[in-house]
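A.B. asks: Pasting a structure below so you can have a look.
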Amino acid sequence: MEYNSSLESEKRSKWQGIAATILVLILVAVSIWVIILKIISVSVL
Amino acid sequence: MLFKFNLKRVLILLAGLSLLIAGLVGHLSESRGEDKSALYENYLEDSFTGIADYSLLKVDPTNLGYIYAVEDNDDMLAGYVTITTGQGYGGLLTVVLNWSLDGEIQSISIPQNSDDKAWWDQLITGDFFDQYIGRKFDDALVLGADINAISGSTISCNGVALGVHAGRALVAEQLAKPYPIPEEKIKFGLSEALLIGGLCTVVLFRMLSVLSRFRLVRYVTLFFGLGVLGIWLARPLSLTNFAVWIMGSPPHLNTNLFLYILVIGVVLLALIFGKNFYCYWLCPYSAVQEIAYKLGQVGLRPSVKWHKRLRNVRYFILWFALFFTILLGSVSITVFEPWGTLFSLKGSFDQWVLLGISVASGFFIYNAWCFYVCPVGAFMDIVLIVRRKGRDLWNTIVHLKVKKEVNGKV
């Protein structure tokens, strides 16, 4: 029982880690998208 | 391990080299356009439809000012046009003024500027430019007294005002009449005093071991930053504040003392004490994220391995923004951080999206923006690394010198 609960918490923390990483990657991607739009607007002008 | 070390050095070298090349290419393309007359003549034709002919009267090389005589359809002198520059938030902006024969402003246009569109649009919607129409060259034209600045876009307003002042100096010289030269006083006010106070408090809190043990003291300065730098002044430290120096167009000292204290103060303190006194201590956006995290209480965090990897993304974003800023010669590329949109409540659609995602991620991850994206934090980290490497190099030189002296004596 103890083994199972520790395994579950390990699994949960792994999924939480993946979710956090995906969230950060989305944040990074949106930041780069905003910069690219700025570059395009400057280049067009 | 050895491979990883080398890869890091290669990447740093490539990043440095690419920035140098971008600078070189940007400078060369700028040099090609050093004689602005061809470009300015396009501005003349675009801005004024009633001009039959024009001739260049004078070029003032000190502030890149041009004055043209304008003729009407009957070949009669109809007025003057001045084309000058002023220092805006994102770099130089071009001010085109149409003057009557007796030196009255007939029209004003800004064919080129590097300021962020959201802020710039405030000048148009706030009828800032209309205030100059009908003014004469010998009016005082003092920003804040005769001409109202637009709140939140004061640096852009100041850039236009500098261009107008340069233009009226050319007209006054042409008409051989004097004009009131505005007093060049450095403005030190409450905002500057509070900023110095805030920086000194952070230094005290972090350097005095008696105080640095208490976690609460960080929240005191953090909320001070949120109130003063964020909500009141809407002027947190931004990558733009560093980029204007890198591009060789620092803000006008007399009207932007605040930015000088902020940028030079934070960098100088980091170089002296080896600590970043701004991030996590004074940054208003850090305070916003702390609040979001407290409200969210989710506590997600990437694994240790991914945390380390993602931390380096900040350096990529810093390089990416700076590379294109230097290459294209436009500082407005660096105006993308979410705090500009949050504290001014002005921004384009994409900037609002970034703000939304950034605040939302703050509910789940502790200081997500600061840890993984913020280019200001990356810049400050580089300052601290340069300081450490410089000190190590100095110690090595001193050590070698001492060793040489000892060997000489033996």
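The values are calculated or read from the model by the stated rules, or taken from the named source; none is laboratory data. No experiment lies behind these values; they were computed from the predicted model shown. Cβ placement follows ideal geometry from the backbone for every residue including glycine, while neighbour counts extend to all protein chains displayed.
A.B. asks: Go through region B:243-271 and give me each residue that's more than 11 Å from the chain's Cα centre (by Cα) and polar (S, T, N, Q).
C.D. replies: Across region B:243-271, the qualifying residues are B:Asn254, B:Thr255.
A.B. asks: Considering region B:261-274 alone, what residues qualify as being surrounded by fewer than 16 Cβ atoms within 10 Å (Cβ to Cβ) and either assigned to a loop (DSSP other than H, G, I, E, B) or of a type outside the set (A, V, I, L, M, F, W, C) (or both)?
C.D. replies: Residues of region B:261-274 that are surrounded by fewer than 16 Cβ atoms within 10 Å (Cβ to Cβ), as a first pass: B:264, B:268, B:271-274.
Scanning region B:261-274 gives a single hit, B:Gly274.
A.B. asks: Whether any residue in region B:317-328 is in the same structural domain as B:Lys294 (by TED's automatic domain parsing), of a type in the set (Gly, Ala, Ser) and over 20 Å from B:Leu14 (Cβ atoms) is what I want to check.
C.D. replies: No, region B:317-328 contains no residue that is in the same structural domain as B:Lys294 (by TED's automatic domain parsing), of a type in the set (Gly, Ala, Ser) and over 20 Å from B:Leu14 (Cβ atoms).
A.B. asks: Further question: Report yes if some residue within region B:99-108 is over 25 Å from B:Ser151 (Cβ atoms), surrounded by fewer than 20 Cβ atoms within 10 Å (Cβ to Cβ) and in contact with a Lys or Arg (Cβ under 7 Å, 6 or more places away or on another chain); otherwise report no.
C.D. replies: Within region B:99-108, one or more residues are over 25 Å from B:Ser151 (Cβ atoms), surrounded by fewer than 20 Cβ atoms within 10 Å (Cβ to Cβ) and in contact with a Lys or Arg (Cβ under 7 Å, 6 or more places away or on another chain).
A.B. asks: Could you tell me how many of the residues in region B:282-301 are within 14 Å of another protein chain (Cβ to nearest Cβ) and touching a residue at least 60 places away in the same chain (Cβ under 8 Å)? It would help to see each step written out before you state the result.
C.D. replies: The first filter runs over region B:282-301 and keeps only residues within 14 Å of another protein chain (Cβ to nearest Cβ), leaving B:285, B:289, B:292-293, B:296-301.
Among the residues that remain, those that are also touching a residue at least 60 places away in the same chain (Cβ under 8 Å) are: B:285, B:289, B:292-293, B:296, B:298-301.
Residues flagged as within 14 Å of another protein chain (Cβ to nearest Cβ) and touching a residue at least 60 places away in the same chain (Cβ under 8 Å) within region B:282-301 amount to 9.
A.B. asks: Can you tell me which residue is farthest from A:Thr21 (Cα to Cα) among those in region B:315-324 that are surrounded by 17 or more Cβ atoms within 10 Å (Cβ to Cβ) and at the interface with chain A (Cβ under 9 Å from one of its Cβ atoms)? Break it down into steps so the answer makes sense when it comes.
C.D. replies: Start the filter on region B:315-324 by keeping residues that are surrounded by 17 or more Cβ atoms within 10 Å (Cβ to Cβ), which leaves B:315, B:317-324.
This time we only want the ones that are at the interface with chain A (Cβ under 9 Å from one of its Cβ atoms), so: B:317, B:320-321, B:324.
Details: B:Ile317: 17, B:Phe320: 21, B:Ala321: 23, B:Phe324: 27 Å.
Applying the filter and picking the extreme gives B:Phe324.
Residues are listed down the side, and each one gets a yes or a no for (1) free of Cβ contacts under 8 Å to residues at least 60 places away in the same chain; (2) farther than 17 Å from A:Ile22 by Cα; (3) within 14 Å of another protein chain (Cβ to nearest Cβ):
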{"position": "B:Ala368", "(1), (2), (3)": "no, no, yes"}
{"position": "B:Val373", "(1), (2), (3)": "no, no, yes"}
{"position": "B:Val376", "(1), (2), (3)": "no, yes, yes"}
{"position": "B:Phe379", "(1), (2), (3)": "no, yes, no"}
{"position": "B:Leu384", "(1), (2), (3)": "no, yes, no"}
{"position": "B:Gly390", "(1), (2), (3)": "yes, yes, no"}
{"position": "B:Leu393", "(1), (2), (3)": "yes, yes, no"}
{"position": "B:Ile397", "(1), (2), (3)": "yes, yes, no"}
{"position": "B:Lys403", "(1), (2), (3)": "yes, yes, no"}
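A.B. asks: Within region B:349-359, does at least one residue satisfy the condition of being facing chain A (nearest Cβ under 10 Å), closer than 28 Å to A:Leu23 by Cβ and small (Gly, Ala, Ser)?
C.D. replies: yes
A.B. asks: How about region B:155-188: which of its residues are without any contact (Cβ under 8 Å) to a residue 24 or more places away in the chain and of a type in the set (Val, Ile, Thr)? Steps first, answer last, please.
C.D. replies: Keep residues of region B:155-188 that are without any contact (Cβ under 8 Å) to a residue 24 or more places away in the chain, which gives B:176, B:181, B:183.
Correct list: B:Ile181 only.
A.B. asks: Exactly one of (1) modelled with pLDDT of 95 or more; (2) outside any helix (DSSP H, G or I) is unmet by B:Gly227. Its number?
C.D. replies: For B:Gly227, the exception is condition (2).
A.B. asks: Any idea which of (1) surrounded by fewer than 24 Cβ atoms within 10 Å (Cβ to Cβ); (2) touching a Ser or Thr at 6+ places or on another chain (Cβ under 8 Å); (3) over 26 Å from B:Gln112 (Cβ atoms); (4) within 9 Å of chain A (Cβ to nearest Cβ) is the one B:Cys279 doesn't satisfy?
C.D. replies: (4)
A.B. asks: Out of the residues in region B:356-410 that are aliphatic (A, V, I, L, M) and part of a loop (DSSP other than H, G, I, E, B), state the one that is nearest to A:Ile26 (Cα to Cα). Let's see the steps before the verdict.
C.D. replies: The first filter runs over region B:356-410 and keeps only residues aliphatic (A, V, I, L, M), leaving B:357, B:359-360, B:365, B:368, B:373, B:376, B:378, B:380, B:382-386, B:393, B:397-398, B:400, B:402, B:406, B:410.
This time we only want the ones that are part of a loop (DSSP other than H, G, I, E, B), so: B:373, B:410.
Working: B:Val373: 11, B:Val410: 64 Å.
Selected residue: B:Val373.
A.B. asks: OK, next. Give the number of residues within region B:281-337 that are part of a helix (DSSP H, G or I), in contact with a Cys (Cβ under 9 Å, 6 or more places away or on another chain) and among the charged types (D, E, K, R).
C.D. replies: 1
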